[in-house]
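Derivation of every value follows stated rules applied to the coordinates shown; laboratory data play no part. Given the structure is predicted, the values throughout are model-derived calculations rather than measurements. Note that each Cβ is placed from the backbone with ideal geometry, even for glycine, and that neighbours are counted across all protein chains shown.
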Amino acid sequence: MKKFSKILSVALLVALVLSLGVASAFADPTHSITITNTNGNISIAGKTYNAYKLFDSTHQGDAYAYTMSTESPFYSTQLTSAEDPTEGSLAELLRTYFTFTTIDGDSTKINVEPKAGFDETAARALADAIEDFLPANPTAWGTASGETCVIDLSAATAGQGYYIVTGNADAVNGKANDKEVVSAVIITNEDPNPVVKPKADAPSLNKKITKVTEKDNTDVSEDAILDDEGKAAVAKVGSAVTYTLTSVVPDMTGYDDYTYIIKDSISSGLTYVSSTFVLTIGTGDDNTVAIDPVFASDNKSFTLTIPYDTLSQYAKGTAITLTYDCTVNENALTIDYENNTARLEYSSNPYEDETNHTPDSKTYVIDINVDLNKYTGSATDPNGKLEGAEFKLYREVGTATPKTKQYYKWDTTNKVVDWTTNENEADVFATNDEGKLTQQIRGLDQGTYFLLETQAPSGYNKLAGPVEFTISVSEADGTVTYTSAPGTVNGGVIELGADHEAQPVDIIDVENNSGVQLPSTGGIGTTIFYVVGGVLVLAAIILLVTKKRMSE
């Protein structure tokens, strides 16, 4: 039910879109809906807005419940009937989205439950369609003073609930007056005074990362995608990143043609996989639409036009979804993150050939390199750096005991990170006279790894076991932060959308100790045995002679 309350909190419908803001909760709240216009292209001055209560709502903590009064103008016995409702009726519309059941011992109301898949698109379609069934008298109403209208819901019949709000606005250019406004708004004691802002109807475009798959088709999305909005992810070079763009069919009333063009671009470290492009409009099993994205010559951008003839086959508010994959390529090894930007260009005036575009919707993909600080004595002593050590990197996978070891291997043909279970095929990384790797271990993401020393520097003992380290990544308020245990990450704090100087690099300190030289044949080690042995023999002879004389 908590999810249901969030869905109903905002639905932007018909010719104008309402976006819901959240007001502060009060101990004893007075409920209201405020419409505030900040869009210079329209005016709501003097306009009347009506609010109709569709459902009552109650909540305690995270638990929410919705009911409909049997005295509601939206109620009919067909809502709870076992038979199908009358075709084209209000009951048929409501039963499309909700399940209604009677309450034992209470004939004054019925229970309301949303059906599976009831999302913002469905809420938009519901509120649009229910406009034809609104009663003559609203639950409450208000008239705008200037560009603000307050609908007071303090009457006993109002209060908490799910409301349909209607009204209209004037276009300041005088070409399109009385544009309808229909919105679904949920009122609770936690959010008793929502503020909504009408604006000229326009489609939106949202882009997010929905899946990350490694080269061997392992789905690592749970760990790789860093935020709930899918704006940032970490991925190895060679992984596939799935992007999902969502929009809706716009209101094309008054248009005999309509421009709807998705424009998308990627940075150098990403490559489009053209075979993965899928466009769907609406829901159901047969909603895939044939498309022909046009790619730029450098394969770093594309445009996708959905013709008016295609869009006009669907009701306004119908969901539009585009999905495709990009692979993280070798160019991602030299900069901090890869970005993918999308915008929608759309018609803005049915009377003129004018277009507008949505704000850029961006996503980011980041990888990390690994380097060493190989030393003896002190990690910070420049004279203690060790050259000539050799390492292999591996990770452990699976649930069996022991786990399977997969060794890092750079695929020189495809220039991606690969993994092999054959240690003999693994890449070898050597240290230079500064104790660093001659070639950093490139293009990794978060996880636990092991450095296996296969050759020690000359004059030093090889490490007794592998060096284990863990790379972790987090995102908060648009900033991605890499940490390492026990390493140190250089350039590991990345502000998304801002310039960043270099690739994040995890530095792992690895100490070696010099070996103890064993004695050689003829050295002091054997000489001391000869000396001690000779002394013992001489003492035995003296003791034997002394005893013989004493006996005589």
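If Lys and Arg each add +1 and Asp and Glu each add -1, what is the summed charge of the other residues whose beta carbon sits under 13 Å from the beta carbon of residue 89? If you can, show how the numbers build up before the last one.
Working: positive: 95; negative: 83, 84, 87, 92, 132.
In short, -4.
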Exercise for review: Grab the Cα-Cα distance for residue 145 and residue 256, subtract it from 0.36 nm times how many residues apart they are, and report the gain in nm with one decimal.
Suggested key: 36.4 nm
Review point. Can you give the convex hull volume of the alpha carbon atoms of the range 383-436 per residue, in Å³?
Key: 106 Å³
Check your understanding: Which net charge results when you count Lys and Arg as +1 and Asp and Glu as -1 among the other residues whose beta-carbon is under 14 Å from that of residue 434?
Key -> -2
Point to revise | Using a Förster distance of 56 Å, the FRET efficiency for residue 493-residue 310 (Cβ separation, nearest 0.05) | key: 0.80
**Study point:** Percent breakdown of C-alpha pair distances by 5 Å bin, ordered from the shortest bin, for the range 368-511
**Key:** 2, 9, 17, 21, 19, 15, 10, 5, 1, 0
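Over 27 Å between Cα atoms, which of 47/263; 215/405; 215/392; 215/300; 236/405 qualify?
On the way: 47/263 37 Å; 215/405 17 Å; 215/392 20 Å; 215/300 21 Å; 236/405 18 Å.
Table pairs above 27 Å Cα-Cα are 47/263.
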Review point. Over the alpha carbons of the range 238-281, what is the largest minus smallest coordinate on each principal axis, giving the biggest first in Å?
Key: 48, 20, 15
Point to revise | Cross-link reach list, aspartates and glutamates versus residue 109, counting only Cα pairs under 14 Å and skipping chain neighbours closer than eight places | key: 56, 71
Check your understanding: Hey, any idea what Rg/Rh is for the range 34-147, computing Rh the Kirkwood way over Cα pairs?
Key -> 1.03
Check your understanding: How long, wide and thick is the range 206-364, going by the Cα atoms along their three principal axes, in whole angstroms, largest first?
Key -> 50, 32, 27
